[in-house]
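For reference, the structure is listed below as structure tokens.
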Amino acid sequence: WEPLPDTPTMYADPDTIYGELEPQPGLRLVPPVRLLRSEWVVARAAQLRAVPADRRRALTLPRRQELEVLEPSAYYSAEEVKALPRGPRNAGFPMAVLAVSHSWESEEHPDPHGRTLLMLADAITTAQAIQVSKGPYTWQTLPSRVAVFFDFCSLFQPPRAKEEPPIGEGPTMALRAALTRMQVWYAHQLTTCFFVTDGNTETANDGSHTPYHERGWPTFEYHVSAIGKAITSSGWPQLVDVGLGVDTLFERGVPLTPAALEHLLESKRFTDGTDHGLVLSLYKKTVQCMIIG
């Protein structure tokens, strides 16, 4: 397997996204990424909400390698993602693809109590029901069906405990391939990004959870998303801070330089310290492609 070359047009080309969903011959015919059906996410959250808190662990989001076996219908196929209706021409034909940025509550599971899942499902249904307005401008609602990128379910997960067996050569290679292209899901001009900025706040005070803006990967995702997204009322909002509210229009600042992001990341927490270099490399490549050219 060889990654696609980084080019100035890759962040505007739908095939960049579609290519991540296709089975790859060099990866034992395993697609690097799978996308969840938004209706499955909403239904899963409804199931979770219906049971007592002490029984919710069984309904939290499974890892990709488990969910593909237990509920394969939770995922869109690559062809189904391609067939999803696109947004209007005046908005650049945005794709019905939603990338979720969130912090992990623990090293073993990002959302062991289901709080992020509930916030995400509520945000999706709200965005599909209400129009955001500012002054004379009104944005469209989120499409009724969107393909959702959620890292824990979309990427193969490595073993988190010593007693867990390895995930196999194909999945391991697929995970590595996906990590080398993580910026695509957030920086691509045609995807929509939801930032779950205040999820899991109930655990923040006991030191077991690091808030969103203090984590390395979320900080990267938050800033790389703002580099090239269009802000036009011809479509739906493509940047949404779930913590501030789906009905609040996202206000982005000037994109950070790689040096500024490097300085910012020095104070952020990474579960795996080696990810610091990877994240910075991905950001530099994105700036090179989208701004410098």
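Some notes on this structure:
- Whether segment 143-293 is rounded, prolate or oblate, judged on the alpha carbon gyration tensor where a/c under 1.5 counts as rounded: rounded
- The H on the amide N of ASP198, modeled in the peptide plane, is under 5 Å from the matching H of GLY243, each at least 5 residues off or on a different chain.
- Pair SER267, SER234: separation of 7 Å Cα→Cβ label points (nm): 3.9 nm
- Among LEU29, LEU48, LEU249: highest mean-square fluctuation, GNM of the chain, C-alpha pairs under 10 Å: LEU29
- For the chain, accessible area per residue (1.4 Å probe, heavy atoms of protein chains only), Å²: 45 Å²
- Options (i) 19.5; (ii) 21.2; (iii) 23.1 - which one matches Kirkwood radius over Cα pairs in Å as calculated here: (i)
- Estimated [θ] at 222 nm from DSSP helical runs (n ≥ 4, -39500 (n - 2.57)) normalised by residues in the chain, nearest 500: -9500 deg cm²/dmol
- Segment 52-79 and segment 237-263 have their alpha-carbon centroids 29 Å apart.
- Mean Cα-pair separation over length for the chain, i.e. relative contact order, pairs under 8 Å, 6 or more apart, %: 24 percent
- Heavy-atom SASA rank of LYS82, LYS229 (probe 1.4 Å, accessible area, largest first): LYS82, LYS229
- Kirkwood Rh, angstrom, segment 9-130 [1 / mean 1/r, Cα pairs]: 16.3 Å
- Whole-percent carbon and sulfur share, accessible surface of the chain, 1.4 Å: 53 percent
- Stretch gain in nm, segment ARG89-SER77, where the contour uses 0.36 nm per residue and the Cα spacing is subtracted: 1.8 nm
- The lysines within cross-link reach of LYS285, meaning a Cα-to-Cα straight distance under 28 Å and a gap of 8 or more places when in the same chain, are LYS82, LYS229, LYS268.
The values are calculated or read from the model by the stated rules, or taken from the named source; none is laboratory data. Computed from a predicted model, the values in this text were never measured in an experiment. Here the Cβ is made from the backbone with ideal geometry for all residues, glycine too, and neighbour counts use every protein chain on show. Quick note on the areas: whole protein, heavy atoms, side chains included, nothing else; ligands and nucleic acids left out. Shrake-Rupley method; radii C 1.70, N 1.55, O 1.52, S 1.80 Å.
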